[in-house]
Every structure is written in C-alpha cells, then in structure tokens.
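The numbers here are math on the coordinates, done by the rules we state, and not lab data. Predicted model only: the values in this text are computed from it and were never measured. Cβ placement follows ideal geometry from the backbone for every residue including glycine, while neighbour counts extend to all protein chains displayed.
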Amino acid sequence: MKQTSYWARINDGWIKDPDTNITLNALDEKVHTLTGASELNVRENAGTSYTSLGKLKKGDQVPVTKLEIVKDSGTRTLTVWGRVETSDGIVGYCDLSYMSEGALYEKKEEPTTPTTPSAPTIGSTGNTGDGGFVNNKGGYKYTGKVINTESLNVRVTASTGAKKATTLKKGANLVIYETKISEDMAWGRCDAGWVYLYYVDLTPASGSAIDARVVYNDNTIIYTDNAASSVAGTYSRMSVIDIYEYVGDMARTDLGWVSTGNLL
C-alpha cells in the first residue's frame, strides 16, 4: 500500500502536510488581479469540489482577506486559495494560481473642468432608505468617482461583512466626509454609507492639494525632499494622504515626499 506525503519548502527547510501544519496570513499585497484565465470560479469554500457562487473575468481585481492551502490527492499537488469579495458582493474563494498579486492599475490623468460641486446632488447615491444614510450639511473632505469596477457596494459600516445599503455604478460621482482604516482596508464615508476607497478616485475638496491617494505599502517612507536625501518618517498602510505636487515618481504630502510606487 502506497502512502503519499505532501511537503512544502520554507526558508529554513521542509514541512510535512502543510495544509494542516501551516497557517497562512493574508498577503500584504491584498488586491489580486485575474490574469491566468478568461474566467475563474468564486467558490463557497477553498477547493474545486465546492459550489460556484459566481465568476471573475480576466482583468477583474479583488481584495484577498484570507489564505487557505488545499491538498489535491488526484494531482498530488498543493494550491493556495484566497477569500475574496467581488464588486457585486459575492464572498467566496478563488484559486490564486490564476491570479497575480497587485492591482495592475495605473492611475490616469484625466482632463477636468474645475467645478464647485453641489453637496445635495453630487453625494446622491441612489440610497433606497434601507439603512446607511448620513445627512451631512457640507463639510466633505473629498469628491470622488467610482473606478476599477462596474458597481461598488455601499455598506452600512466600514466592513465587508456589513449590510449593503446600495450600489454605485462605474463613473458615479460621490463625496467623502471622512476616511478610516478597517479590516486593513481604506474606507470612506459618503452620503449612503461606507465604500472601499480602492474603487474611488479621490480629489481634495478644498485647499491647495491637487490629488489624494491611498498608501498601499506598510511603513512607506516619507523623505525630506524629492531626491530622498533623508528620512522624515513613515506612513502606515491604507492611510489616505493629500498630494500637493508631483516630481517624477515622487509626490509631496503634508509631511514630506513619498514614492508614488507605494500609492494607489
């Protein structure tokens, strides 16, 4: 009788039965992009035997919040699956061997005509009155537009597990009154509730700032100048920062200069 053993190589050697002896933490690079297939099933649990809840299409980008190792006795292989949430609210697992780490997204400069948005209309998100509505009288920090997804969930609280208040379509305008970090994700509060800011292109509503970005890497170094001569401090992951000018691949913030490679 033959018995198959599964081993995984780590920095210091090999571990037997990694699916039971290793616990993986979600990668620091949370967002993954489907690149290795035209479509990929999102399943109710980690493994091909579980029911498909929906599909991702090539180029779709999703946040990964949990990792699982799956052992396939048929092919005698180990695969890593990630817990994801799609833009239309499906929460399930995908085989990460078909996905690439990172958003694979480059922010494009779009010509705009400066306008003064009207608070009662620009923040209108089609809320149905099913919870999550916040009636602020102006005072918003950012205007924004939905990007990177065909529809964006607006939730009652800043959590992927919170009740969905409504959805916003790609290109929809909104205003953001405050930002916060929850579940290691950057969230913004709009009129109808909370949205994940990866899907929102932010513009500061007032002052001399020309842009606003989300810090994507933990302990992003702040430099004293755009030549990175010396360190002035660090930003934590998912901080929302105002940008006052760009010089090459460096951006000037309230506290100093940062590399745009660390920003969404």
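Taking amide H positions as modeled 1.01 Å from N, with prolines and chain starts lacking one, the residues under 5 Å from Leu53 and 5 or more places away or on another chain are Val42, Arg43, Glu44. In this structure, the amide hydrogen of Asp211, modeled 1.01 Å from its nitrogen in the peptide plane, lies closer than 5 angstrom to those of Ile243, counting only residues at least 5 positions away or on a different chain. Contact order, relative form, for the stretch 142-204: 41 percent (alpha carbon pairs under 8 Å, 6 or more residues apart, mean separation divided by residue count).
If you take the beta carbon distance between Asn173 and Ser97 as r and set R0 to 41 Å, what does 1/(1 + (r/R0)^6) give as a FRET efficiency, to the nearest 0.05?
Numbers: r = 38 Å, r/R0 = 0.92.
According to the calculation, E is roughly 0.60.
Here the extension length gained between Thr157 and Asp72 equals 26.8 nm, from 0.36 nm per residue of separation less the Cα-Cα distance.
If r is the Cβ-Cβ distance from Asn219 to Ser49 and R0 is 45 Å, what FRET efficiency results, to the nearest 0.05? Don't skip to the end; give the middle numbers.
Values: r = 40 Å, r/R0 = 0.89.
Calculated value: 0.65.
Taking a Cβ cut-off of under 10 Å around Arg83, the surrounding Lys, Arg, Asp and Glu residues balance to a net charge of -1, with basic ones at +1 and acidic ones at -1.
Please turn the phi angles of the stretch 178-184 into ³J(HN,Hα) values with the Karplus equation 6.51 cos²θ - 1.76 cosθ + 1.60 (θ = phi - 60°), one per residue in order, whole Hz, x for glycine and proline. Ordered by residue, 3J(HN,Hα) equals 7, 10, 7, 9, 9, 6, 6 Hz. Put simply, the amide H of Asp60, placed in the peptide plane, has neighbours under 5 Å in Leu34, leaving out anything fewer than 5 places away on its chain.
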